[in-house]
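The values are calculated or read from the model by the stated rules, or taken from the named source; none is laboratory data. What you see is a predicted model, and the numbers here were worked out from it, not measured in a lab. All Cβ positions, even for glycine, are placed from backbone atoms using ideal geometry, and neighbour counts span all protein chains on display. Keep in mind that these areas ignore ligands, DNA and RNA; they rest on the heavy atoms of the full protein, side chains included. Shrake-Rupley method; radii C 1.70, N 1.55, O 1.52, S 1.80 Å.
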Amino acid sequence: MEQKIITGNQAVAHAVRLSKTQVVSAYPITPQTTVMETLAEMWAAGEYTGEYVNVESEYTALSYCIGAAYAGARAFTASSAHGLAYMHELIHWAAGARLPLVMTNANRAMGAPWCIESDQLDSLSQRDTGWIQFYCANVQEILDTVILAFRLAEEVHTPVMVCYDGFYLSHTYEAVNIPSPEVISQFLPNPRTQALFDLQTPTNHHGLVGSEAMSQLMQVRFKAMARVFDRYNLLNTQYAGITRRSYPAVEYSGPENAKTLFVTAGGMAQTIKSFFSSTEREEALVRIKMFRPFPMEDIRRYLAQSHVERIILVDRNVCMGVGGIFAQEVRAALAGLSGLPEMVELNLAGGLDLTPELLSKALLAVQEGEKMIWAVNLL
Amino acid sequence: MLPRCSETVAIPYKIGSGTVPVLVNKTGDWRFLTPSRHEKNAPCASACPLHSGISIWIDRVKEGDWQGAWAAVSRYNPFPAITGHVCYHFCENDCSRNHYDQSIAVGELEKEIGLWRLRKFASGEKLPVGRKLPIRVAVVGSGPAGLACAYYLAMLGLEVTVLEKQPVAGGMLALGIPEYRLPRNVLEQELAVLRSLGVVFRNGAELGRNITLAQLREDYQAVFLATGAGKEKKLNVPGEENPGVIGALEYLAMVHLGKKLPDFHSILVVGGGNAAVDAACTARMNGARVALAYRRTRDVMPAHDDEVRSAEEAGVQFLFQVQPDKIYSKSGTQTVVLSRTQSSRRGERISTVPNSSFNLACDLVIVATGQDADLSIAGEESLSFNGQSLITNLPGVFAGGDLISGPATVAAAIGAGREAARAMAAYLEIDQSTPDGPIIASIYNDSIPVAEYETLNPSIFPKQGRAVSPETEAGRCLSCGRCNRCGVCWVFCPDMAVAGVEFDINLDYCKGCGICAKECPGGVLEMGVIDSGTENHHR
Amino acid sequence: MGGEPLMKQVFNDIPQEEYMLSGHTACPGCSAALSIRHATKALGKETVFVITACCFSIISGQLPLRTFELNVFHCPFPSAASTGSGLKRGLAAMGDTTTQVVVLAGDGGTFDIGLQGLSAAAERNEDIIFICYDNEAYMNTGMQRSSATPFGSKSATSPAPKVKENPKKDIMKIIEAHAIPYAATATVAYPKDLLAKFQKAKTIKGFRFFHILCPCPPGWGVESDQTVELSRLAVETGVFPLYEVENGEVTLNVTPQTLRPVADYLGSQRRFSTLSAEDISKIQATIDRSWQALLNRSNTAEIQEG
């Protein structure tokens, strides 16, 4: 193990290297680009020994990985925003084909107009594609989550998207413990050395089906997704055993009997935590790491408690006509329960930076009874 | 050890993937039209005067199976070495490949088979005769019809006697056809083969003169009359009876018999048929200046074009649209008075151009204006023929060849001899089958349509001229009208519904697209609405 | 001359092995099915197909069926070349360098929606074989115009009198511009030529491209038995010359001494039924020009008789 000061994007590259990834398809897009640049440097230096392919679009970046995964190879690509949107049909396809791909997404706003700030609408728009989605809160977590993601994807035959805030994490340097390859090999099996298909067993993969077969296949995928919580918890425990770092699907921090809960995802959690510690406040934080499958049980356990009086849902995205998407999911998870606390939304759509000052102002607004607080109005 | 999760994942990556062969789809259900094979007559066999199964024996040649080729060809024609030399090969004109690149060299292949068989004979390998029957048959006339009949009758095991009025056997083969068209050693060898089969030749026996039909009927259980059409037609002009005027056959016979003729310096041949051209060429080869006078134009000359061309090459001078009016003879010089004629098609009446006559002097006039059968052979018997058929009014007496048809071709005569042998065998109630197949090929069925040429696929059948090697040349044959298992139907089936060495069509899967029928080079596959093979799959 | 008799050649030159099964659901007379049947004969067992959205999405079999005796992976419409390239790279990463990855796409998946990925894969010289079987419209969805649809053709989305006004895109020129090691045209009317080209392509490393013209009975408005004949006429009229481009060198494979008039090809196709005599002369002139241009830059070869 060594400790290095690296960015979130560099952390991804290290994780991809440590995971002995066999095929990487690369296409630049801000703020993801330095993932692929770092991997290219590692490739040139002989540290990354798999295939590194410069493709002509995100569309090809993901279909290239799909092809590699058809062969049985461990494959990776990364994207952001419009790149992710351009991949959209392939994101569906990879999940339907049950391919264990890992893709990272440095969150960025969707145009128009052009905006490279860290709105999460890009990956949240891929919510229904059938991928597992994680949202990381710091650079160390990015590295660890990518490694966990490969193991998880290969065990549940479902692709994993690891998301993190563009710039706030992708370009922020933090001190990161980089595990040694030996440590990682205790956790992540070596990739395959033989094709997944057999020339002697001709098979027509992912061809045409009727509605009945399609429905059955979707049910199978649905059930497989439901098993992901337990599997992830088990893997997280194993990983923690090796690295002493644990990332529960839903993280709770703060006093156990807090009357006000902040609920958020991604790097904003760090700001909220440091805000608490600097102001010795009574609030607690619930951070949603796993967005798909959505951890309903954990959300209910932490949020639907009698001592909780107010929940502040902090989203850096918005679903037009509804509200923050995490907020929407939380409300759906709590639906039907009686005696629910008051719920307030703080929305930073467009990639606004959540500063302690902004949090203070937001809490004042909450006191004034606002239900939908647009952070941009508090600047 | 790797920390593995205990739960096995129930769903493999292959979920949603097909592993069951699509053969369970019986796509034959889609079919409206069904391909089936209908053999047809080949254009070559149809054109052939003796309807030789040309593609059948060519099939053997392409395999290099000369024995098989001989066995196949001899069922149609026992003298391929002869026809290979003299036949005009109408088959090649009508050959489908003639529309595409170049006809198959049928004549050459036929000749090769015949010469192969003669070489075998020369090295002591006799033809096998399966049995000997105590039945005596007579063949009158040793021309191609008589010889062919004798061959088949001998092969059937009969005791065959051939009666020939001339001192040599062979009829027109010996006495009519010029040596340059048929080397006489070929004929000699064929006669030797026949003798080895037990055929007895009696030369100098002339029916109606020193033997009678009644006597033959007494001595033999069946008689085949094949005396040819040796009675030469007259010009019907004054002076024709002069000694300096001679018939073409008479002239050719004298030459071929080696009779001493005067030195003719200039000869006029009158006529436009093959006999006229043969006589002209023979005369030319004997050193004379030769002119040939024909009353119509060259394009309607009955002589075969090849013959006319070789006569031209030999230096025979052609006078077209002239006809003789009169012949004067004076001290060995013949003066022929000729008139010009109006142009006319064959069969039309000739009219002369008024005041167009001119004289032409020569040493000899050869008349070749056609021949008739000499019916005096019957003697006191009242012999009559039954149209073009081989039977006569007399039981056991058969007739064929030029005697019936008038002057025709060697091939037609051989075919007539063969058919006479078939009819005689039937009359004598002799089974002609053998373990190796029938001695005589089955009867040509002209009610079957002739395969029509359709455009060939140059990728499958590259355009190429005749090949040097007989095997390769035989390989060019498309086997029109007959499935020779070329495999084109298999190659072009999008449904893999043609399979096996016989290229059977699997109606379970044939969608009836019709490509096989369209591409079949032999024109054998046809699409039809009648669906005979679908009982075994649901509809 | 000499050697094997011709008829035996017909039969013996074409491998007996079949890698497609009867019972597939291609339309009767489908020349695409027939072309791919022969392609697989040359490609052999060590082949994996990547098939994009096209008629072969259907022909290759609906779950749980399979038409090919080979592994087939389907992929989204624009991704044919990239998925195939990824599959090949994945195999290479695992040490398998021998399995041929063959991408199958129609004209839509090649000329139109797949062109970007195709161009990129060609530029990277990915070690795959890309087959475009070109039936000159979106046939699987019901004959809509593509950029491979020829001038003057009717289609479901260019009905008369609004027939296609623009000429067909010259995909071979586009492909050639990528300086790949091998590109060839083929039709199933010349099965031995098609087989030989696939056999050659197998021995070459890098990006290999096949453009196979595939007459389509329902799409072109022709009878089901005409597809081989039309494939041949396309070659004989110069509508679709058979040639190979190897590292920039052009070789014409079939060189008729004189081209047949294009009317012989157009005449029987209902999709061209609204062509005027003037249109046909215009098409003829275009063919004459492009044929001459091809002759000029080809290092051919024997002139075929006739």
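Quick check: anything in segment C:97-113 buried (at least 24 other Cβ atoms within 10 Å of the Cβ), among the aromatic types (Phe, Trp, Tyr) and either under 21 Å from A:Leu62 (Cβ atoms) or out of contact with any His (no Cβ under 6 Å at 6 or more places or on another chain) (or both)? It would help to see each step written out before you state the result.
Taking segment C:97-113 as the starting set, the residues that turn out to be buried (at least 24 other Cβ atoms within 10 Å of the Cβ) are C:101-111.
Checking the rest, the ones that are also among the aromatic types (Phe, Trp, Tyr) come to C:111.
The next check asks that each one be either under 21 Å from A:Leu62 (Cβ atoms) or out of contact with any His (no Cβ under 6 Å at 6 or more places or on another chain) (or both); those that pass are C:111.
Checking segment C:97-113: at least one residue is buried (at least 24 other Cβ atoms within 10 Å of the Cβ), among the aromatic types (Phe, Trp, Tyr) and either under 21 Å from A:Leu62 (Cβ atoms) or out of contact with any His (no Cβ under 6 Å at 6 or more places or on another chain) (or both).
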Output the number of the condition that B:Ala426 fails; it satisfies all remaining conditions of (1) assigned by TED's automatic domain parsing to the domain that holds B:Gly107; (2) open to solvent by 10 Å² or more (accessible area, probe 1.4 Å); (3) out of contact with any Gly (no Cβ under 9 Å at 6 or more places or on another chain).
-> (1)
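Results for (1) under 27 Å from C:Cys30 (Cβ atoms); (2) of a type in the set (Ser, Thr, Tyr), shown as yes or no for each residue.
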{"residue": "C:Gly221", "(1), (2)": "yes, no"}
{"residue": "C:Tyr243", "(1), (2)": "yes, yes"}
{"residue": "C:Ser268", "(1), (2)": "yes, yes"}
{"residue": "C:Ser281", "(1), (2)": "no, yes"}
Among (1) under 18 Å from the mean Cα position of the chain (by Cα); (2) away from chain B (no Cβ under 14 Å), where does A:Arg244 come up short?
-> (1)
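So in segment B:77-99, with the set limited to residues that are outside any helix (DSSP H, G or I) and within 20 Å of B:Arg476 (Cα to Cα), which one is modelled with the highest pLDDT?
Of segment B:77-99, the ones outside any helix (DSSP H, G or I) are B:77-79, B:87-89, B:95.
Those left that are additionally within 20 Å of B:Arg476 (Cα to Cα): B:89, B:95.
Working: B:His89: 92, B:Cys95: 95.
Result: B:Cys95.
Residues to consider are C:Leu259, C:Leu266; find the one that is within 22 Å of the chain's Cα centre (by Cα) and within 15 Å of C:Leu213 (Cβ to Cβ). Write out each step before concluding.
On the way: C:Leu259 fails: within 15 Å of C:Leu213 (Cβ to Cβ).
Result of the check over C:Leu259, C:Leu266: C:Leu266.
Given the residues B:Val168, B:Val193, which is the only one that is outside any loop (DSSP other than H, G, I, E, B) and under 27 Å from B:His89 (Cβ atoms)? Before you say what the answer is, go through the steps one by one.
Values: B:Val168 fails: outside any loop (DSSP other than H, G, I, E, B).
It is B:Val193.
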Given C:Ser31, C:Ser22, which one is of a type in the set (Ser, Thr, Tyr) and free of Cβ contacts under 8 Å to residues at least 12 places away in the same chain?
-> C:Ser22
Tally, over segment A:307-344, of residues that are under 23 Å from A:Ala81 (Cβ atoms) and either open to solvent by 10 Å² or more (accessible area, probe 1.4 Å) or not in a strand (DSSP E or B) (or both) = 13
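Here are some residues: C:Lys169, C:Lys173, C:Lys200. Which one is farther than 17 Å from C:Leu266 by Cβ, away from chain B (no Cβ under 14 Å), in a loop (DSSP other than H, G, I, E, B) and open to solvent by 40 Å² or more (accessible area, probe 1.4 Å)?
Numbers: C:Lys173 fails: in a loop (DSSP other than H, G, I, E, B); C:Lys200 fails: in a loop (DSSP other than H, G, I, E, B).
Testing whether each residue is farther than 17 Å from C:Leu266 by Cβ, away from chain B (no Cβ under 14 Å), in a loop (DSSP other than H, G, I, E, B) and open to solvent by 40 Å² or more (accessible area, probe 1.4 Å) leaves just C:Lys169.
Name the residues in segment A:188-212 that are more than 7 Å from chain B (Cβ to nearest Cβ) and surrounded by 14 or more Cβ atoms within 10 Å (Cβ to Cβ), would you?
Here is the first cut: in segment A:188-212, the ones more than 7 Å from chain B (Cβ to nearest Cβ) are A:188, A:190-195, A:197-202, A:208, A:210-212.
Within segment A:188-212, A:Leu188, A:Pro191, A:Arg192, A:Ala195, A:Phe197, A:Leu199, A:Pro202, A:Leu208 qualify.
Can you tell me which of A:Val55, A:Val23 is at pLDDT 95 or above and open to solvent by less than 10 Å² (accessible area, probe 1.4 Å)? So that I can check it myself, show each step before the final result.
On the way: A:Val55 fails: open to solvent by less than 10 Å² (accessible area, probe 1.4 Å).
Exactly one residue qualifies, and that residue is A:Val23.
Out of segment C:63-99, which residues are among the β-branched types (Val, Ile, Thr) and assigned to a helix (DSSP H, G or I)? Show your work before the answer.
First, the residues of segment C:63-99 that are among the β-branched types (Val, Ile, Thr): C:67, C:72, C:83, C:97-99.
Scanning segment C:63-99 gives a single hit, C:Thr83.
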Which residue pairs have Cβ atoms closer than 9 Å, lie 6 or more positions apart in sequence or on different chains, and pair a first residue in segment B:427-456 that is free of Cβ contacts under 8 Å to residues at least 12 places away in the same chain with a second residue that is part of a helix (DSSP H, G or I) and of a type in the set (A, V, I, L, M, F, W, C)?
-> B:Asp431/B:Ala425
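Quick one: in segment C:100-134, which of the residues that are part of a helix (DSSP H, G or I) and small (Gly, Ala, Ser) is nearest to the other protein chains (Cβ to nearest Cβ)? Show your work before the answer.
To start, the set of residues in segment C:100-134 that are part of a helix (DSSP H, G or I) comprises C:107-112, C:115-123.
When the remaining residues are screened for being small (Gly, Ala, Ser), the result is C:108-109, C:117, C:119-122.
Working: C:Gly108: 15, C:Gly109: 12, C:Gly117: 5, C:Ser119: 7, C:Ala120: 4, C:Ala121: 8, C:Ala122: 11 Å.
Ranking the qualifying residues of segment C:100-134, first place goes to C:Ala120.
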Which residue, of A:Ser118, A:Ser185, A:Ser123, A:Ser170, is among the hydroxyl-bearing types (Ser, Thr, Tyr), buried (at least 24 other Cβ atoms within 10 Å of the Cβ) and assigned to a helix (DSSP H, G or I)?
-> A:Ser123
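Every residue, every condition in (1) open to solvent by 10 Å² or more (accessible area, probe 1.4 Å); (2) within 23 Å of C:Gly219 (Cα to Cα); (3) more than 7 Å from every other protein chain (Cβ to nearest Cβ); (4) at pLDDT below 95, yes or no:
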| site | (1), (2), (3), (4) |
| --- | --- |
| C:Ile14 | no, no, no, yes |
| C:Ala26 | no, yes, no, no |
| C:Gly29 | no, yes, no, no |
| C:Leu43 | no, no, yes, no |
| C:Pro64 | yes, no, no, yes |
| C:Glu69 | yes, no, no, no |
Could you give every pair whose Cβ atoms fall below 6 Å, whose first residue belongs to segment A:350-379 and is of a type in the set (A, V, I, L, M, F, W, C), and whose second residue is open to solvent by 90 Å² or more (accessible area, probe 1.4 Å), counting only separations of at least 6 or pairs across chains?
-> A:Leu378/A:Lys361
Provide a single number: the residues in segment B:503-522 that are within 10 Å of another protein chain (Cβ to nearest Cβ), among the hydrophobic types (A, V, I, L, M, F, W, C) and part of a loop (DSSP other than H, G, I, E, B).
-> 3
What single numbered condition from (1) away from chain B (no Cβ under 14 Å); (2) surrounded by 15 or more Cβ atoms within 10 Å (Cβ to Cβ); (3) modelled with pLDDT of 95 or more fails to hold for C:Ala277?
-> (2)
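Scanning for something more than 30 Å from C:Glu17 (Cβ to Cβ), outside any helix (DSSP H, G or I) and open to solvent by 10 Å² or more (accessible area, probe 1.4 Å), does segment B:481-502 turn up at least one residue?
No, segment B:481-502 contains no residue that is more than 30 Å from C:Glu17 (Cβ to Cβ), outside any helix (DSSP H, G or I) and open to solvent by 10 Å² or more (accessible area, probe 1.4 Å).
So which residues in segment C:177-192 are open to solvent by less than 50 Å² (accessible area, probe 1.4 Å) and more than 14 Å from chain B (Cβ to nearest Cβ), if there are any at all? Outline the logic, then answer.
Going residue by residue through segment C:177-192, those that are open to solvent by less than 50 Å² (accessible area, probe 1.4 Å) are C:178, C:180-192.
Matches in segment C:177-192: C:His178, C:Ile180, C:Pro181, C:Tyr182, C:Ala183, C:Ala184.
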Give me a count of the residues in segment B:235-263 that are open to solvent by less than 50 Å² (accessible area, probe 1.4 Å), over 14 Å from B:Cys281 (Cβ atoms) and in contact (Cβ under 8 Å) with a residue 40 or more places away in the chain.
-> 11
Scanning segment A:323-350 residue by residue, those modelled with pLDDT of 95 or more and aliphatic (A, V, I, L, M) turn out to be A:Ile325, A:Ala327, A:Val330, A:Ala332, A:Ala333, A:Leu334, A:Met343, A:Val344, A:Leu346, A:Leu348, A:Ala349
Those residues of segment B:466-480 which are in a loop (DSSP other than H, G, I, E, B), more than 8 Å from chain C (Cβ to nearest Cβ) and over 16 Å from B:Ala47 (Cβ atoms), in sequence order = B:Arg466
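Please report, ordered by residue number, the strands (runs of 3 or more DSSP E) entirely within segment A:1-101 with at least 1 residues that are under 23 Å from A:Gln126 (Cα atoms), within 14 Å of chain C (Cβ to nearest Cβ) and not β-branched (Val, Ile, Thr). Walk me through how you get there before you give the answer.
Values: elements: A:2-6, A:23-26, A:51-54, A:75-79.
The strands (runs of 3 or more DSSP E) meeting that bar are A:23-26, A:75-79.
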Among the residues of segment B:177-185, is there at least one that is not polar (S, T, N, Q) and not in a loop (DSSP other than H, G, I, E, B)?
-> yes
Just one of B:Val162, B:Val137 is under 30 Å from B:Gly273 (Cβ atoms), among the hydrophobic types (A, V, I, L, M, F, W, C) and either crowded, with 20+ Cβ neighbours inside 10 Å or touching a Lys or Arg at 6+ places or on another chain (Cβ under 8 Å) (or both); which is it?
-> B:Val162
